[in-house]
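Participant: Provided herewith is a single structure, encoded as structure tokens, for subsequent inquiry.
The values are calculated or read from the model by the stated rules, or taken from the named source; none is laboratory data. Just so it is clear, the structure is predicted and the values come from calculations on it, not from any experiment. Reconstructed Cβ throughout: ideal geometry from the backbone, glycine too, with neighbour counts over all protein chains shown.
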Amino acid sequence: MKAKRVITASSSRFAALLFNLITVAVMLVSLTALLLGKLLAGHNIGFLPFVLSLPPVMLWLGASIFVYASIAHHPNGLAAHYNKWAGYRFYGVMGSLVVIG
């Protein structure tokens, strides 16, 4: 017989927040790199800000699939529900950026 493990409320809350927190952090890092590059635009580094802002977003796009899948099977249905809507928002924005770009 399997041992039952109690999942605390704080663990469920953190699982529900995880996808959103990492998404916000990655977007802030990316925008900061882009804005710092724009501030240094007079130093003849034209394409560098754009190049520096893309890797965090691309890495998170790949890693987000694993984070989304791991939280989607969370025993707490509410954490999985919040994760689903966070995924809808994130992947919707990424899909629209592909179309716009």
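Participant: Among the residues of region 21-35, are any farther than 24 Å from SER96 by Cβ and touching a residue at least 40 places away in the same chain (Cβ under 8 Å)?
Facilitator: Among the residues of region 21-35, not one is farther than 24 Å from SER96 by Cβ and touching a residue at least 40 places away in the same chain (Cβ under 8 Å), which makes the answer no.
Participant: Within region 16-53, how many residues turn out to be modelled with pLDDT of 85 or more and not polar (S, T, N, Q)?
Facilitator: The qualifying residues number 12.
Participant: Need the failing condition index for GLY92 against (1) over 22 Å from ALA15 (Cβ atoms); (2) modelled with pLDDT of 90 or more, just the number.
Facilitator: Here GLY92 meets the rest and fails (1).
Participant: Here is a further query. With respect to SER30, determine if the residue is in contact with a Leu (Cβ under 8 Å, 6 or more places away or on another chain), hydroxyl-bearing (Ser, Thr, Tyr) and in a helix (DSSP H, G or I).
Facilitator: For SER30, the condition - in contact with a Leu (Cβ under 8 Å, 6 or more places away or on another chain), hydroxyl-bearing (Ser, Thr, Tyr) and in a helix (DSSP H, G or I) - is met.
Participant: Of the numbered conditions (1) touching a Ser or Thr at 6+ places or on another chain (Cβ under 7 Å); (2) within 26 Å of ARG5 (Cβ to Cβ), GLY87 fails exactly one; give the number of that condition.
Facilitator: Exception for GLY87: condition (1).
Participant: Checking the condition aliphatic (A, V, I, L, M) and over 21 Å from the mean Cα position of the chain (by Cα), which residue from ALA33, ALA9 passes?
Facilitator: Being aliphatic (A, V, I, L, M) and over 21 Å from the mean Cα position of the chain (by Cα) holds for just one of ALA33, ALA9, which is ALA9.
Participant: When region 6-39 is examined, which residues are found to be hydroxyl-bearing (Ser, Thr, Tyr) and either surrounded by 11 or more Cβ atoms within 10 Å (Cβ to Cβ) or under 18 Å from PHE90 (Cα atoms) (or both)?
Facilitator: SER11, SER12, THR23, SER30, THR32, listed by residue number.
Participant: Of all residues in region 63-84, which are over 9 Å from ALA15 (Cβ atoms), touching a Ser or Thr at 6+ places or on another chain (Cβ under 8 Å) and surrounded by 16 or more Cβ atoms within 10 Å (Cβ to Cβ)?
Facilitator: Answer for region 63-84, where residues must be over 9 Å from ALA15 (Cβ atoms), touching a Ser or Thr at 6+ places or on another chain (Cβ under 8 Å) and surrounded by 16 or more Cβ atoms within 10 Å (Cβ to Cβ): just SER64.
Participant: If ALA3 passes every condition in (1) exposed (fewer than 12 other Cβ atoms within 10 Å of the Cβ); (2) touching a Gly at 6+ places or on another chain (Cβ under 9 Å) but one, which one does it miss?
Facilitator: Unmet condition: (2).
Participant: What about ILE100, is it among the β-branched types (Val, Ile, Thr) and under 14 Å from the mean Cα position of the chain (by Cα)?
Facilitator: no
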